[in-house]
Structures are given as structure tokens and as C-alpha cells.
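Q: Following this message is one structure expressed as C-alpha cells.
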Amino acid sequence: GSGAAQRAGPGRAARELGAGARAALGGELPASAAMLDEGIHLIVFVHGFQGNQYDLRMMKNALADIFPHAECLLSSSNEKDTYSDIQALGANLAREIDRHVQQLMLPLSKISIMAHSLGGIIARACLAHPVMRRFRDKFHTYCSLGSAHLGYVYSDNSFFDGGMWFLKKLKNSTALHQFSLSDSKNPLTTFMFRLSEAPALHHFRHVLLVASPQDGYAPFHSARMEVHARSLKDPKHGSVHLAMVENLLRPLQMSGTNLVRFEVHFHIQAKGLDKTIKRAAHIMLLDSLPFIQHFVSINRGYFE
């Protein structure tokens, strides 16, 4: 109808602008016109548990410096509530991305996602949402920073385990129950297991998994989608854990997606509670400027 025509208008105008600029310059396009001709690369930044849209601003700024013509979206749709059902949080993010793309009213060439902590799981739930199906041919790079893709079943941080137990009791948080695979008596019907079966990451060209062994909030194996040794001797959760790893990795192998794992070590000077609960490294993935600048510099090719 008329609404669709109006949305298509600026995209058509952008293509005409690109063609006009090419003719005027004898076949060469300035960067801005070339960008309009080829389409925009949308990079979505997704915060984690109890976070906000500015949590990933340093990473966003570093990428924007290198790619000034990329469109950056600092997600805010889940700022007020990260305790809820992760599937609902993913739906919120999917609708937010869809609205943003419609408001751009320009051709879209690529969509990349960079997410921290719980945001990495919310992003996966978003990618499996029906709203995102029309964008699948645009999926370019998915990057998670300290996201526990296999949940917290084999966490070695007793302080964090205790804190999670307390929050689950105090807030009755659906998301935390889902994260710890305690939302169902049958492990095969838990949200995290069902999410591992949902088609999503294999549509990307690149999947980057960033993890730190110093991070007590995202178990190292879980953030890297790797088998934990304890699972091999665990009659209760072991087979489910192995199946989740298989569910996540096999589609990536079959599709030829480029999977890259990063192991990050920080010089941590934190004292007191942050050091005790092993929180420092989890946060430094967001606010360590040397790490962010180095990471973006050496991995810029994944966002080109």
C-alpha cells in the first residue's frame, strides 16, 4: 500500500543519488554515495543482565571510528527488565531491530550483533524469532562477550552460584532459572536446551566467542561453547550438556560459518568483593579501553 511505497522511496532515492554521483565523477563514488549504493551495515549492541544501552558504548565508539558509515544501534528495549523470560526479551529485541530498520528507510546490506553476558543469549533468542527471518541473508558477524551459551550448570564460582540462588528466590527471575537450567524438571525441555536447537547462528558468516578464564560470571567452557570435563562423569546433566554443544556447533560446521574463539587475560588489580566474586574480568570486557581498542583493531576484518 502507500506505507510500503513511502518506505521504499528513500531507498530508491539513495540508489538514484549513487548513480548520479557516479556519473558526475566519471565512474568513481565518494564514500558516502558508495555506502548508499551498496547498503548500510547495521551493528546491534546488546547489554546483559541488569544492564543498559550504554554498557557497550566503548565498543560501539571503537567500531564507529573505524567504520564511520556503519549504523550502530545500542539496544534499549530490555533496559527496564532483564529478569523476565529470555524468549520474551528476545522478541523485544527482534521488534526493536525491525523498527530501527524501517525507520532507516535505506537499503540494508548487513546485520552484525555484538552482545555482552546475558545479552548474547537474548540475541540468540531474537535471531530465532519469526520477525528476523527476512534478515537472515543479511546476517554477517555475531560476537558474544562473556555469554554463557551452555548456562551455569558447571560453574566453579561458589560466590556467584550463591548470588544467583538468592536472586532466583528474591526476584523469582525466570531468566535466571532458565540460565541455570532449573526452569523445568526435564532438562530436555529447559529453555536453554530448546534454544540450542533453534536455528540462528549458522546464518552468520562469522561467529566470534570471547571468553576469559578469569571471568567468574560466565564459565569459560560455556562462553566458548565447549564440553566441560565434568559432564563426562555427570549422570544427571552430562548427556544434556553434550547434546547442547552438538546442537550449537554442528549447524556452524555444516554451513561453513567461520567460528573463532578468543581467550582473554586481564591484568586485574581489583580488590575486595569484585576480586572475591570474580566479577572484574566480566566487566572489563566492557570497559577496558586497551582490550577494546586492541580487539577491534585486530578483528576489524570481521566487521567489514
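The values are calculated or read from the model by the stated rules, or taken from the named source; none is laboratory data. On a predicted model such as this, the values are computed, not experimentally measured, just so you know. Virtual Cβ from ideal backbone geometry, glycine too; neighbours counted across all protein chains shown. Ligands, DNA and RNA are excluded from the accessible area calculation, which covers all protein heavy atoms including side chains. Shrake-Rupley method; radii C 1.70, N 1.55, O 1.52, S 1.80 Å.
Q: Across segment 174-229, what is the number of residues that are aromatic (F, W, Y) and either buried (at least 24 other Cβ atoms within 10 Å of the Cβ) or touching a residue at least 60 places away in the same chain (Cβ under 8 Å) (or both)? Steps first, answer last, please.
A: Pass one, segment 174-229, residues aromatic (F, W, Y): 179, 191, 193, 204, 217, 220.
Those still in the list that are either buried (at least 24 other Cβ atoms within 10 Å of the Cβ) or touching a residue at least 60 places away in the same chain (Cβ under 8 Å) (or both) too: 179, 191, 204, 217.
Total satisfying the criteria: 4.
Q: Just a yes or no: is a residue in segment 61-77 touching a Ser or Thr at 6+ places or on another chain (Cβ under 8 Å), modelled with pLDDT of 95 or more and within 30 Å of T174 (Cβ to Cβ)?
A: The answer is no, given that none of the residues of segment 61-77 is touching a Ser or Thr at 6+ places or on another chain (Cβ under 8 Å), modelled with pLDDT of 95 or more and within 30 Å of T174 (Cβ to Cβ).
Q: Exactly one condition in (1) open to solvent by 70 Å² or more (accessible area, probe 1.4 Å); (2) modelled with pLDDT of 95 or more; (3) assigned to a loop (DSSP other than H, G, I, E, B) is false for R250; which is it?
A: (3)
Q: Let me ask you something else. Which condition from (1) touching a residue at least 12 places away in the same chain (Cβ under 8 Å); (2) under 26 Å from Q53 (Cβ atoms); (3) out of contact with any strand residue (DSSP E or B) (no Cβ under 9 Å at 6 or more places or on another chain) is the one that I283 breaks?
A: (1)
Q: Restricting the search to segment 52-76, which residues are assigned to a loop (DSSP other than H, G, I, E, B) and either among the hydroxyl-bearing types (S, T, Y) or under 14 Å from the mean Cα position of the chain (by Cα) (or both)? It would help to see each step written out before you state the result.
A: We begin by selecting, within segment 52-76, every residue assigned to a loop (DSSP other than H, G, I, E, B); these are 52-56, 67-70, 75-76.
Passing the criteria: Q53, Y54, D55, L56, S75, S76.
Q: For segment 216-236: of the residues being in contact with a helix residue (DSSP H, G or I) (Cβ under 6 Å, 6 or more places away or on another chain) and closer than 17 Å to S180 by Cβ, which is modelled with the highest pLDDT? Before the answer, list the steps.
A: At the first step, the residues of segment 216-236 found to be in contact with a helix residue (DSSP H, G or I) (Cβ under 6 Å, 6 or more places away or on another chain) are 216-217, 225, 227-228, 231.
The next check asks that each one be closer than 17 Å to S180 by Cβ; those that pass are 216-217, 228, 231.
Numbers: G216: 84, Y217: 86, H228: 90, S231: 86.
So, considering only residues that are in contact with a helix residue (DSSP H, G or I) (Cβ under 6 Å, 6 or more places away or on another chain) and closer than 17 Å to S180 by Cβ, the one modelled with the highest pLDDT is H228.
Q: Next question, about the same structure. How many residues, within segment 47-85, are among the charged types (D, E, K, R) and within 22 Å of F291 (Cα to Cα)?
A: Residues of segment 47-85 among the charged types (D, E, K, R): 55, 57, 60, 65, 71, 79-81, 85.
If we keep only those that are within 22 Å of F291 (Cα to Cα) too, we end up with 55, 57, 60, 65.
Count: 4.
Q: Quick one: in segment 27-50, of everything that is surrounded by fewer than 16 Cβ atoms within 10 Å (Cβ to Cβ) and part of a loop (DSSP other than H, G, I, E, B), which residue is modelled with the highest pLDDT? Walk me through it before giving the result.
A: Our first condition is that a residue be surrounded by fewer than 16 Cβ atoms within 10 Å (Cβ to Cβ); within segment 27-50, this holds for 27-28, 30-32, 34, 38, 50.
Checking the rest, the ones that are also part of a loop (DSSP other than H, G, I, E, B) come to 27-28, 30, 50.
On the way: G27: 44, E28: 45, P30: 44, Q50: 88.
Selected residue: Q50.
Q: If the Cβ limit is 9 Å and pairs must be 6+ apart or interchain, which residue in segment 42-55 that is among the acidic types (D, E) pairs with which residue that is in a loop (DSSP other than H, G, I, E, B) and open to solvent by less than 10 Å² (accessible area, probe 1.4 Å)?
A: Going by the 9 Å Cβ cut-off, the qualifying pairs are D55/H47; D55/G48.
Q: Could I ask something else about it? So which residues in segment 90-107 are at pLDDT below 95, among the hydrophobic types (A, V, I, L, M, F, W, C) and surrounded by 15 or more Cβ atoms within 10 Å (Cβ to Cβ)?
A: Result: L104, L106.
Q: Moving on. Could we say that A70 is among the small types (G, A, S), free of Cβ contacts under 8 Å to residues at least 12 places away in the same chain and open to solvent by 10 Å² or more (accessible area, probe 1.4 Å) here? Spell out the reasoning first.
A: Details: among the small types (G, A, S): yes; free of Cβ contacts under 8 Å to residues at least 12 places away in the same chain: no; open to solvent by 10 Å² or more (accessible area, probe 1.4 Å): yes.
In short, no.
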